[in-house]
Every structure is written in C-alpha cells, then in structure tokens.
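Comments concern the structure below.
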Amino acid sequence: VRGAAMVGSDMVVTVEFTNPLKEKLQNVWIHLDGPGVTIPKRKMFREIQPNATVQWEEVCRPWVSGPRKLIASMTSDSLRHVYGELDLQIQRRPRLSWSSEGFQDRIPFCRSLMFTSREKP
C-alpha cells in the first residue's frame with residue numbers, strides 16, 4: 001500500500017500473484033475487497049505463464065477509520081481459492097485545532113505497507 005492509510009485520502013494498493021505451477025493458468029480472475037476501504041473490484045488476466053508474476057494496482061479511498069482488512073483472491077480454470085490478506089489501521093482525518101499560535105494540523109502516524117497474494121500452503 002502506498003499513500004496515507006487515512007479516511008478520505010487516496011492510497012494505492014498493489015496486488016501481486018506468481019503462478020507456482022509448471023503450466024500456464026488461463027482465465028485468471030483476481031478480486032480485491034476491503035469493507036470500509038474499497039468497493040469490491042476485480043481484474044481478469046487471460047493467461048499467466050509458469051513462474052510468471054502479474055501485478056495489479058488500484059486506488060482506494062477509505063471511508064471508515066479503525067482496524068480494516070484488505071483481501072485479495074485468485075481463481076482460474078486450474079487453480080482456485082488462492083488468497084492473501086492484509087490488516088490495516090485506517091486513521092481519522094486530521095482536524096484543525098485552535099491554539100495560541102493559530103491553527104495546527106494534527107497528523108496521525110501512517111505507515112506504508114506492501115501486499116502480496118501468494119498461494120496458501
């Protein structure tokens with residue numbers, strides 16, 4: 001994940017999948033979902049060669065703060081039920097507050113996360 005994990009701010013989610021088989025995968029669908037983070041999205045890859053890696057980037061704008069989860073799943077003609085998940089802490093939007101010096105932004109701590117979907121052993 002690139003960008004601030006904050007309500008109302010754009011962040012880029014990268015989903016990566018590597019074909020672990022010695023045969024090409026056909027009709028590959030990768031799904032991405034994260035309640036409060038993104039609406040369900042999906043992308044189709046016609047085929048993925050053996051040991052090849054595909055990447056898919058999506059822009060998400062969370063609307064719910066607190067602990068959230070992103071889930072990516074992959075289904076193809078010959079390989080199914082491959083998934084990966086990532087726990088996120090979505091911060092509230094910073095508020096402007098009045099002090100003797102004027103307005104100050106309170107910026108919450110945000111961390112950068114990478115998300116990779118691989119076959120579950």
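Values in this text are rule-based calculations from the coordinates and carry no lab data. Here the structure is a predicted model, which is why all the values come from computation and not from measurement. Note that we place each Cβ from the backbone using ideal geometry, even for glycine, and neighbour counts take in every protein chain shown.
Within the stretch 22-80, take every residue that is among the small types (Gly, Ala, Ser) and under 21 Å from Ala4 (Cβ atoms) and give me the one that is surrounded by the most Cβ atoms within 10 Å (Cβ to Cβ). Per the stated criteria, the residue is Ala72.
Taking the stretch 1-51 and the strands (runs of 3 or more DSSP E) fully enclosed by it, the elements with 1 or more residues that are within 12 Å of the chain's Cα centre (by Cα) and of a type in the set (Ser, Thr, Tyr) are at 11-18, 38-48.
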